[in-house]
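Notes for the one structure printed next.
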Number of protein chains: 2
Amino acid sequence: MTARPAAQPPERLRRLPSRLLTRTAAQVQRLVAEGLGEYRTHHYALMAAAAELGPASQAALGQACGMDRSDVVAALDDLTARGLVRRAPDPADRRRNTVVLTGDGERALHELDARVQEVQQRAFSPLTPDERAVLADLLARVNRHHAEAE
Amino acid sequence: MTARPAAQPPERLRRLPSRLLTRTAAQVQRLVAEGLGEYRTHHYALMAAAAELGPASQAALGQACGMDRSDVVAALDDLTARGLVRRAPDPADRRRNTVVLTGDGERALHELDARVQEVQQRAFSPLTPDERAVLADLLARVNRHHAEAE
DNA sequence: GCCGACTGTTGGCAGCACCAACGAATTCGT
DNA sequence: ACGAATTCGTTGGTGCTGCCAACAGTCGGC
């Protein structure tokens, strides 16, 4: 070993809040992905939305999850293929598909809920409960500020 | 207008710290990307590393920026094509390329520094300076925790 | 001198976030 | 009532970021 210079990130990057934010998000996202196993975040988001909204159109689900219509299609294709969700044309508005969670879908969602909660613990384990709350609050305010501006 | 149901995200997602983190990061990242204009974050990171490390190998730059060797190659290809960086074989170790910032590169970096700083202001504008410091500290601790575990 | 490790390079993949266009269906404006 | 504008699902792309595998050339330790 030739006495590595420690390879510290450049000063400008180390002090850059946006970088800290995106890199930490990437680390946590990686943990989440591992926790979700065979599912993607899109799958979990849509199942959660379907469970809470009840029968809803794809557009409604997409809007609730903040995802693009085309990505909703792809994710629902996966979920229907696994029998976790049913897509049926809405008789009241034939443009729409009514999406509902199947029994298997509900079971899968509960399972994922557990896995996701477990990951939250590990992801933010360096912080006390109070600190986690502070972090969530600060992030929520930043998030909201940028979301409000459409 | 037909009284939109507000399309609030599902409860489970709204309360999910990891989601808050990743979505906020995405919002901020978008601002950064706009601020960087014709450059990517990789470009800025590498130029910053090159400026602070002085003449260095691609491997050293990549390690400093936490990016993959292959991505370093691609980004440096862009930067050399724009004349912002020079790649020369290291006579002391012919495996390596010595990378240095050109005059144009330094000027471009200064310009980007300014743009990036301006973006930080806008990105975290809902927070007071104290709160920004708290946020940075919390993120840094989470970040460090996951980084230490290799 | 050999073998293992490192370097740059190529080429690939996955996830997430987008965007454009299209046909079918519905709603709005008048 | 009827044409225009809008909505919905779908298809098929794009870009950025973060990876990984393989390979040839080079170097270091033994």
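The values are calculated or read from the model by the stated rules, or taken from the named source; none is laboratory data. Bear in mind the structure is a predicted one, so any value in this text is a computation, not a measurement. For neighbour counting, all protein chains shown are included, and Cβ atoms are generated from backbone atoms with ideal geometry for every residue, glycine included. Just so you know, the surface numbers come from the protein's heavy atoms only, side chains and all, with ligands and any DNA or RNA stripped out. Shrake-Rupley method; radii C 1.70, N 1.55, O 1.52, S 1.80 Å.
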Legend entry - Pair-distance profile P(r), taking every C-alpha pair of chain B, with 5 angstrom steps and integer %: 2, 8, 13, 16, 16, 14, 12, 8, 5, 3, 2, 1, 0, 0, 0
Inset, instruction - Per residue of A:55-65, count partner chain C-beta atoms within 10 Å of its C-beta, then hand back the mean as an integer. - result: 2
Legend entry - Centroid-to-centroid separation of the stretch B:100-139 and the stretch A:117-136 [C-alpha atoms, Å]: 26 Å
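I need the peptides B:116-129, B:85-98, A:60-73, A:10-23 ranked by packing, meaning the mean over residues of other C-beta atoms within 10 angstrom, with the highest value on top.
Details: B:116-129: 15.2, B:85-98: 13.2, A:60-73: 17.8, A:10-23: 19.6.
Ranked from most to least packed, the peptides come out as A:10-23, A:60-73, B:116-129, B:85-98.
With a 1.4 Å probe and every protein chain left in place, work out the accessible area per residue of the stretch B:1-95 in Å², rounded to a whole number.
Per-residue accessible area for the stretch B:1-95 comes out at 57 Å².
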Legend entry - Accessible-area composition of the stretch B:37-148, carbon plus sulfur, in percent [1.4 Å probe]: 50 percent
Inset, instruction - Quick one: P(r) of the stretch A:1-87 from all Cα-Cα pairs, 10 Å bins, percents rounded to integers, in order of increasing distance. - result: 15, 33, 23, 15, 11, 4, 0
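Which FRET efficiency, nearest 0.05, do B:R115 and B:D90 yield, Cβ-Cβ r, R0 25 Å? Intermediate values should be presented prior to the final figure.
On the way: r = 32 Å, r/R0 = 1.28.
Computed FRET efficiency for B:R115 and B:D90 comes out at 0.20.
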Legend entry - Förster-model FRET efficiency, 30 Å R0, A:Q8 and B:S125, C-beta, rounded to 0.05: 0.55
Inset, instruction - Give the value in nm², to one decimal: projected area of the alpha carbon convex hull of the stretch B:59-129, averaged over all directions. - result: 6.4 nm²
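Report, in cubic angstrom per residue, the convex hull volume of the C-alpha atoms of the protein assembly as shown. Mind showing how you got there, number by number?
Values: hull volume 51.7 nm³, N = 300.
That works out to 172 Å³ per residue.
Could you compute how much accessible area chains A and B hide from each other, both sides summed, with a 1.4 Å probe? Nearest 100 Å² is fine.
Details: alone 10950 and 10970 Å², together 16910 Å².
So the total buried area for this chain pair works out to about 5000 Å².
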Legend entry - Extension gain, B:A26 back to B:E106 (0.36 nm per residue minus Cα-Cα distance, nm): 26.0 nm
